[in-house]
Amino acid sequence: MYRKSALLLIIIVLLFVVTICKKDNPAEPPVKNTIFITVGSGTSPRYSWLDVNGKVTRIYRLTVYEKTNLGDHIWGIQTAGGEFDGISSPVTHGTIPSGAEKYGIRDVTVLPDGFTYRVMVQKMNGEQGWKDFSR
């Protein structure tokens, strides 16, 4: 009886850890790109996003990566506290809108030219979107 309970507890904990890690590692694109992003020009572009129905939707996190290193985002924001979809489109790179906070330890507020980047947005329900772009 004790072994079955311990095994069940281990399985539950592992499923929880896998779920959390997948949500907090947005470098890997989701199976389906469900939020569509447009990226403005310049070294501090404006990011805008729409849901699959073409409607404006709020997100809880936006992150930007240099494409050759998707494990380390270079700039990001999330809803203050990171617990609900509170960030409205559009957002300008390097600017933290009202109701949001910096996400992560890196803070490259101006994108250097000559690189390819990926911007990703996430909703609390698991919907995500990404777009690659170059400067």
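Here the Karplus curve 6.51 cos²θ - 1.76 cosθ + 1.60, taken at θ = phi - 60°, turns the phi angles of the range 116-130 into couplings of 9, 10, 10, 9, 10, 10, 9, 10, 5, 7, x, 5, 9, x, 8 Hz, with x standing for Gly and Pro.
A simple spin-label model places the labels of Thr95 and Val108 2.1 nm from each other, with each point 7 Å out along Cα-to-Cβ. Loop-located GluC sites (Glu not before Pro) across the range 75-135 with a Cβ neighbour count of 12 or fewer within 10 Å are Glu83, with loop assigned by DSSP.
Just so you know, all these numbers are worked out from the coordinates, no wet-lab data involved. Every value quoted in this text rests on a predicted model; they were computed, and no experiment measured them. Every residue, glycine among them, receives a Cβ derived from its backbone with ideal geometry; neighbour counts consider all protein chains shown.
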